[in-house]
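**Student:** This structure is in structure tokens; I'll ask about it shortly.
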Amino acid sequence: MTAYLALFDERVAAAAPCCFLCDRYRHMLTTKGNDAEQMLQGAMCEGVNTSCLLAGFVPKPIFAGGVEADIFPAVGFMAEVERLRRFYELAGRPDAFEHCLAPGRHAY
């Protein structure tokens, strides 16, 4: 929900989506389930990744959190981190993006 709120509510000044960012292709390879709110109509067919949603929030600050043992694989999280890092570099605000991949399981 953090990504959606950040994208659509102008009042949000900074965002910290956690246990959500993942390259969709890498997630599909796991054959693990997904939460219904993350299944945007047509998103899979169009190749929409979670970084695509957050790209609309750039250049406002984002802290992205991920964990090593999740339904969203760490390799998919890091792929999205790299995409977001490029968006922030292009916007001239590399300082406004941080991330952490922590040990543990899907939780806050």
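**Student:** Being in contact with a Gly (Cβ under 8 Å, 6 or more places away or on another chain) and either modelled with pLDDT of 85 or more or not in a helix (DSSP H, G or I) (or both) narrows it down to one of PHE20, PHE72, so name that one.
**Tutor:** Checking each option against the conditions leaves just PHE72.
**Student:** Quick test of your reading of the structure: LYS60 fulfils all but one of (1) open to solvent by 60 Å² or more (accessible area, probe 1.4 Å); (2) part of a strand (DSSP E or B). Name the failing condition by number.
**Tutor:** Here LYS60 meets the rest and fails (2).
**Student:** Considering only region 80-101, state which residues are of a type outside the set (D, E, K, R) and either open to solvent by 30 Å² or more (accessible area, probe 1.4 Å) or assigned to a helix (DSSP H, G or I) (or both). Step through it out loud before you land on a result.
**Tutor:** Within region 80-101, the first condition is being of a type outside the set (D, E, K, R), and the residues that meet it are 81, 84, 87-88, 90-92, 94, 96-97, 99-101.
Within region 80-101, VAL81, LEU84, PHE87, TYR88, LEU90, ALA91, GLY92, PRO94, ALA96, HIS99, CYS100, LEU101 qualify.
The values are calculated or read from the model by the stated rules, or taken from the named source; none is laboratory data. Keep in mind that this is a model prediction, so the values were computed, not measured. Ideal geometry is used to build each Cβ from the backbone, glycine not excepted, and the neighbour counts take in all protein chains shown. Just so you know, the surface numbers come from the protein's heavy atoms only, side chains and all, with ligands and any DNA or RNA stripped out. Shrake-Rupley method; radii C 1.70, N 1.55, O 1.52, S 1.80 Å.
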